[in-house]
Every structure is written in structure tokens, then in C-alpha cells.
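Structure first, then comments.
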Amino acid sequence: MTNKDHSSRISFYNQISSNKWKSFFLIAIVFIVLVSLGSVIGLALGPDYFMIIMIVSIIISIVYVWVSYYYSADLAIASVNAKPADKRIHKGFYDSVEGLTIASGLPMPKLYVMEDLNINAFASGRDPKHAVICVTTGSLDKLSKQELEGVLAHELSHIANYDIRFMTLVAIMVGMISIISQIFLRSLWFKGGSDDNDKANLVFMIIGIVLAILAPIVVQIVQLTISRKREYVADATAVKFMRSPTGLIGALKKIKSETGRPPEKINKAVAPLFIGDPFKRNLDNIFSTHPPLEKRIAILERM
């Protein structure tokens, strides 16, 4: 190996650390947007009015996220009509996951299989003790043992990295920003006439309106960026588990080469959970739920 080849290699430890720091930096941006929006609305309408908005948004967000968090695995499995894996029929699936859990020190997740000719898989659950892994029948039929293990290692990485918990925290703040913005904008229709004090706060009111319109868009973009970064982290952690990127590279190449019809029974809300976008929207833009497969493959080939 030449010095140039050696210098171009990527350590999976560095890849994991770098993308985790980027994720935390992005979540800090969401927090700053939340604080900024709240501060401007408070200055425009008064602290008492803002407290009412905050209380309502927190209650709605907590109820919604509590249900999503504690029942995330059940909801995801039900949404794709997956069935529990059979230890006898899906022995290779069970054996691969069992071997990876022993190597990674994770508890055995519940295993499910969904009817779909495309290669894909996802993991869900609030923590390793309440986790599930679901694979498509296409994955079991088309992937080699090494490639299937690469996919399963990726999904176990999401579990090990507490990605569901992390993304739930992001969802709480993003949801609060959206709710606060909606309540604020709708409340303007019912606000009374202007007086001298209102005119003095006109600047804050205008800033508040602009922020209320732009903030949900900005934080949604940040949320999608975080989702893409967590995919890179899961890829790198999978290499850490398997000590080789070969299996995952082979699986991602097969996913990339598929040209089958997008599945009709997968809800778009569940799509970000999958290892590959089930709707084949592999676009390199700020609204993508997944990073481009070619970029993921290129990074893995350098590990």
C-alpha cells in the first residue's frame, strides 16, 4: 500500500466520532432556533402570553412524542404489516443476529420479516432492551450471508447508538417549534387593535412572524441532516462490529442496483428508519432522508 493510499483511508472510529459531533452541533442549532423564536414572541406579545403558548406546545409535544417513543417499535412493525420471524424458517437470520449481539454485547432484539421483494431493513425501539429488527423477504432471498450480516450490523448500530432516543429528542424540539409557530401565527388573527405599546413592539412582531414562518422549515432541514449523519454513524459502527466493510458494501451496491417499484404499503413516515430509502429517492439534497448510496459506499470502501 502506498503512502497516498494509506493517507486516504478512513478510521471508523474517526467517522463515528466526527458524525456524532456533527449531530450534536445540529441539535444545538435546533435548540438555538427554539430559544430565539420563544424570546422574540415573548418580546412581541409579552411573557404571560408566551407562557401560555409554551405550556400548550409542551403538552401537545410530550403526549405525541410519549406515544411515539414508547410504542415506536410496535407502530413501525404494524405499519409495514411485518410478521415475527420463524426460528426454523429464518434460521440464518436468527443465527446472524445472535452472533452479532454476542460480538457487540447487545441483548437479542425481536426479529420480524415483512413481505417485500426489495432489499431493505430497519430497526426500532426506545433502547436495546426494547428493540426490534425487521428485514424484507427480498433481503433474505437476495443477500449473501456476509451481506445480510452487514445490513444487520448496521441496524444493530442504530440500536447501540440509541438513535431512536436521539431522534426522539430532536422530534420534541422540532415539534415544539412547529406548534409554537402555528399558535403564534393563528393568534395574530384574534389579536386586538394597536396602541402605542403595540407600535413600540412592531419590530419584534415582524421578526416573530418571519421566524414563525421560517423556523419550522429550517429545523426540518436540520432534522433531515441529523438523520443522514446518523446513517453514516451506523455504517461506521457496523464496520466496528464486523471488523470489515465488505458485507455492507455489497448489500448497499445491490440496493443501489435495484430498480423495482417502490413499495405501496410502507408509510412515508417510517421510510427514514430503513437502511435504504424504500421510495428510491436517493437524491443528494437537503430534503433527503438518507445520504446517497454512492457516497456511503465510497466512504466504506476507504475504511
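The values are calculated or read from the model by the stated rules, or taken from the named source; none is laboratory data. Every value quoted in this text rests on a predicted model; they were computed, and no experiment measured them. Because the Cβ atoms are built from the backbone with ideal geometry, glycine has one as well, and the counts that use them run over all protein chains shown.
Name the single residue that is modelled with the lowest pLDDT among those in the range 65-89 being surrounded by 18 or more Cβ atoms within 10 Å (Cβ to Cβ) and either of a type in the set (S, T, N, Q) or under 12 Å from Val270 (Cα atoms) (or both).
Only one residue fits best here, namely Ser68.
Quick grid of which residues meet (1) buried (at least 23 other Cβ atoms within 10 Å of the Cβ); (2) of a type in the set (Gly, Ala, Ser); (3) assigned to a loop (DSSP other than H, G, I, E, B):
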{"position": "Tyr94", "(1), (2), (3)": "no, no, no"}
{"position": "Glu98", "(1), (2), (3)": "no, no, no"}
{"position": "Leu106", "(1), (2), (3)": "no, no, yes"}
{"position": "Cys134", "(1), (2), (3)": "yes, no, no"}
{"position": "Val151", "(1), (2), (3)": "yes, no, no"}
